[in-house]
2 protein chains.
Amino acid sequence: MEFSRPPLVVAFGLSEKRKAIVADALAGASDVVCLTELDEAARAEALRNAGVLLTFNTSKELRSGEAALLASARLIQFMIGGVDFIPLGELPKGVPVATNGGGYAESMAEHALAMALAAAKRLILEHGNLKLGQFNQFTHNRMLAGGVNRHGRTNERVDWIGTPERLNELLEAADVLVISAPLTRATRGLIGAAELHRMKDDAILVNVARGEIVQERPLYDQLVRNPRFTACIDAWWIEPVRHGEFRIDQPFLDLPNVIASPHNSAQGTGAHNISLRRAVENCRRALTGEAPLHVIGLDERLM
Amino acid sequence: MEFSRPPLVVAFGLSEKRKAIVADALAGASDVVCLTELDEAARAEALRNAGVLLTFNTSKELRSGEAALLASARLIQFMIGGVDFIPLGELPKGVPVATNGGGYAESMAEHALAMALAAAKRLILEHGNLKLGQFNQFTHNRMLAGGVNRHGRTNERVDWIGTPERLNELLEAADVLVISAPLTRATRGLIGAAELHRMKDDAILVNVARGEIVQERPLYDQLVRNPRFTACIDAWWIEPVRHGEFRIDQPFLDLPNVIASPHNSAQGTGAHNISLRRAVENCRRALTGEAPLHVIGLDERLM
């Protein structure tokens, strides 16, 4: 195999439809090589020549010793936004590593909105009450309209934007707090008892990111102490993909003010293809000499 | 009591805060008289002189013989959108009757969106599965973005608009069908087996209006036959307010593809005050000689 230009090396299998998406998003910036279609020797050659490696999980898709072959690549591009559970320490230090930040944005945003609205309208609670024959037509529901901006005026079209230094301000003002940050040294345990106590009694916390960003026991205590506070938990502390099992150390699922989903906020129709396109567009940037987005600093690599 | 101008007669009790809303929305068009603060004789005089009567339910708020005193009023304005269960036949035939159409629009729209999103993201189903320890992270979810316009293109900003003659077209195209029509002779039983069969296998039907607009048994059959079809039922066939009890003749609540709420889509924060303002603004139109909105034709009066 010969390469006139450093190719985009894809570490996972691609259907014909998804190959077409890759080619389209790459816009001729390089050729595409699928590792899963090559034998051992050809894999090594492709990796040594790679311009960019596109991967879901290097620790599962690369074989022993293959990561070192990437030393002259321009970028290692992940397909997912949260790479905290991937051993980035095994990758060549000199090669930039990028997440697919925002790759699943629409699907996760709809999921977060669905959970926040289900909490505001108490859908799961009243669905359960109806099963018991209780028809609570006149219990008050929350409105979300007008609640997402800083000043609480409904004709304001600009959402609150702040840096992490202003987190306390955000916590105190938020009716709905959606956590969509990556898990890093800076965000691990970021929301603990002190932060939860700053929040409104009837706030809605939605976590579609990583369980570890919120401290588990303080969140449970907050929910028990404030029946009007709701947690919408999509991202858990111990989950199948990252830990091999689903486990919770506090009985969140017995609480009426918890809405739970199995970390599936990224599974909306078409989301995987949109995400693939975004990841490949970042590969194209690296291959054509542009600065890629979402590059993770060495100090942000957890594993 | 003397009236320089025909007053707005309010048939129900008002808090000071809600009196201020009435005065503000009336904008000086007339004086306000609260029936509940008057003795028998003063009630009769107020009704005889009424410019407009504002009421939730004439059959509960007016005493025997009082409806006839309204013969020279300009309008009988209801506080709610759905007056199908109110005996309008007891009111003077010559006086226009108006609903508060759109009075609860924001609250009901958020509720319908909450239910449709909960269906699309299968929130109740997966919440239940998590309770059983099942973590179905990779089951496909629906997206709602891009699904509400006629052509299915995401850059289209104009929603589908059609007259009832184009109902079949709408049924075939809809990913989410929200029923928010009043119950009239024209809408009773409008959605039956033939209409449901036209809908997509995986469509989401949301009813925040009246149960009777959808035929109960055909809907149940549709749900049993198509596990991917979801019904979000806020409005039921036999309900406490209209019928004195909650009863369903098909076991909808045992189905996994039903999301149920107790007809509480109008109970969002602030919705009652916004609705009051809209009803009084319609009273003001009648009092100042403008044509009131949402007037019900004699042939549309069900009772």
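Points to keep in mind about this one:
- Search result, residues across segment A:120-140 that are part of a loop (DSSP other than H, G, I, E, B) and farther than 21 Å from A:Leu205 by Cβ: A:Leu132, A:Gly133, A:Gln134, A:Phe135, A:Asn136, A:Gln137, A:Phe138, A:Thr139
- Considering A:Arg285, A:Arg278, A:Arg242, the condition of being under 18 Å from A:Arg188 (Cβ atoms) and surrounded by 16 or more Cβ atoms within 10 Å (Cβ to Cβ) is satisfied by A:Arg242 alone.
- Every pair of residues 6+ apart whose Cβ atoms lie under 8 Å, when the first sits in segment A:275-303 and is at positive phi while the second is of a type in the set (A, V, I, L, M) and modelled with pLDDT of 90 or more: A:His294/A:Ala98
- The set of residues in segment B:179-189 that are open to solvent by 40 Å² or more (accessible area, probe 1.4 Å) and at pLDDT 90 or above contains only B:Arg188.
- Residue in segment A:102-116 that is farther than 26 Å from A:Ala203 by Cα and open to solvent by less than 20 Å² (accessible area, probe 1.4 Å) present: yes
- Lone unmet requirement of (1) crowded, with 18+ Cβ neighbours inside 10 Å; (2) away from every other protein chain (no Cβ under 11 Å) for B:Asn264: (2)
- Taken over segment A:117-144, the criterion of being of a type outside the set (D, E, K, R), closer than 11 Å to B:Pro262 by Cα and open to solvent by less than 20 Å² (accessible area, probe 1.4 Å) is satisfied by A:Leu123, A:His127, A:Leu130.
- Residue within segment A:215-231 that is within 12 Å of chain B (Cβ to nearest Cβ), more than 15 Å from the chain's Cα centre (by Cα) and touching a residue at least 60 places away in the same chain (Cβ under 8 Å) present: no
- A Cβ distance below 8 Å, combined with a sequence gap of six or more or placement on separate chains, defines the contacts here; from segment A:232-261, residues that are over 15 Å from A:Gln215 (Cα atoms) and within 8 Å of chain B (Cβ to nearest Cβ) reach residues that are assigned to a strand (DSSP E or B) and open to solvent by 10 Å² or more (accessible area, probe 1.4 Å) in the pairs A:Phe246/A:Ile238; A:Ile259/A:Thr230.
- Condition met for B:Asp202 (out of contact with any strand residue (DSSP E or B) (no Cβ under 6 Å at 6 or more places or on another chain), surrounded by fewer than 18 Cβ atoms within 10 Å (Cβ to Cβ), within 21 Å of B:Leu223 (Cα to Cα) and modelled with pLDDT of 85 or more): yes
- Those strands (runs of 3 or more DSSP E) of segment A:22-85 in which 3 or more residues are free of Cβ contacts under 8 Å to residues at least 40 places away in the same chain occupy A:32-34.
The values are calculated or read from the model by the stated rules, or taken from the named source; none is laboratory data. All values derive from a computational prediction rather than experimental measurement. Reconstructed Cβ throughout: ideal geometry from the backbone, glycine too, with neighbour counts over all protein chains shown. The accessibility values were calculated without ligands, DNA or RNA, using every heavy atom of the protein model including side chains. Shrake-Rupley method; radii C 1.70, N 1.55, O 1.52, S 1.80 Å.
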